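A quick write-up on the structure given underneath.
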Amino acid sequence: MRNEPEINRAGSVPIHMQQSAGVSFRFAKADDAETIRAIEFEAGARFASVGMTGIADAPPMSLSVVERKIAAQEIIVAVDSDGTRAGFLMFEPQPARIYIQELDVLTSHAGRRIGAALIEEIAQLARSRGLMQLVLSTYRDVPWNAPYYRRLGFRDIEKAELDDALIARRDAHIARGLDESKRVFMRRDLG
């Protein structure tokens, strides 16, 4: 049996980073669903500043997807000291790793290292489950995408290194209309 991180009575995952003082982390609850969608939509709007209006104008994830991920305990939210849900990380457990599907933080909370703290939360959760790798796919040249993740210890995965699951995910991205020539898969080993 794998050890899960302890959850306190409020349903919060413990805080592990000093840089995010005043912010707590917990698995998302049913009443967080619309807020998560709003955070995603606001974060997507930022892409207009780099000419990616298709992303900026896209609707957020469907409510049913968010509700399914919440029910599976596959979304961690960052909650500010005033109760504001300031960001979230949505993930997919895989046999040997955790795939980070989405990481968004409200622009009003940018610069407080909430995104980095969410990454550390999922890293601890992965370790507690015996999973020693985080993987994600992101835009190569968008400053708050691949360059940001590199600063957090992720490295690019070369095309030849992609396993069948990542190739299938890349193909799904292409089917949805994403330009994979502008994207990169990245990994962070947790050893």
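Values in this text are rule-based calculations from the coordinates and carry no lab data. Values in this document were obtained by computation on a predicted structure and should not be read as measured data. With ideal geometry, Cβ positions are generated from the backbone for all residues, glycine too; neighbour counts draw on all protein chains shown.
Listing for the model above:
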read-out: Search result, residues across segment 70-85 that are within 20 Å of residue 138 (Cβ to Cβ) and in a strand (DSSP E or B); value: 75, 76, 78
read-out: Number of positions in segment 63-76 that are under 22 Å from residue 146 (Cβ atoms) and free of Cβ contacts under 8 Å to residues at least 60 places away in the same chain; value: 0
read-out: Out of 176, 187, sole residue that is within 26 Å of residue 52 (Cβ to Cβ) and under 17 Å from the mean Cα position of the chain (by Cα); value: 187
read-out: Residue list for segment 119-155, filter: without any contact (Cβ under 8 Å) to a residue 40 or more places away in the chain, among the basic types (Lys, Arg) and in contact with a Lys or Arg (Cβ under 9 Å, 6 or more places away or on another chain); value: 155
read-out: Residues being among the basic types (Lys, Arg) and touching an Asp or Glu at 6+ places or on another chain (Cβ under 7 Å) - total across segment 166-181; value: 1
read-out: Matching residues, segment 23-69, being in contact with a helix residue (DSSP H, G or I) (Cβ under 7 Å, 6 or more places away or on another chain), assigned to a loop (DSSP other than H, G, I, E, B) and over 24 Å from residue 124 (Cβ atoms); value: 58, 60, 61
read-out: Some residue of segment 164-174 being among the charged types (D, E, K, R), in contact (Cβ under 8 Å) with a residue 12 or more places away in the chain and at positive phi; value: no
read-out: Scan of segment 103-128 for residues that are part of a loop (DSSP other than H, G, I, E, B) and crowded, with 18+ Cβ neighbours inside 10 Å, ordered by number; value: 106, 112, 113
read-out: Hits in segment 70-102 (condition: within 14 Å of residue 123 (Cα to Cα) and hydroxyl-bearing (Ser, Thr, Tyr)); value: 99
read-out: Residue that is closer than 30 Å to residue 79 by Cβ, out of contact with any Cys (no Cβ under 9 Å at 6 or more places or on another chain) and surrounded by 14 or more Cβ atoms within 10 Å (Cβ to Cβ), where the choices are 131, 178, 162, 166; value: 131
read-out: Residues located in segment 77-118, provided they are farther than 23 Å from residue 157 by Cβ, of a type in the set (A, V, I, L, M, F, W, C) and in contact (Cβ under 8 Å) with a residue 40 or more places away in the chain; value: 77, 78, 79, 86, 88, 105, 106, 114, 117
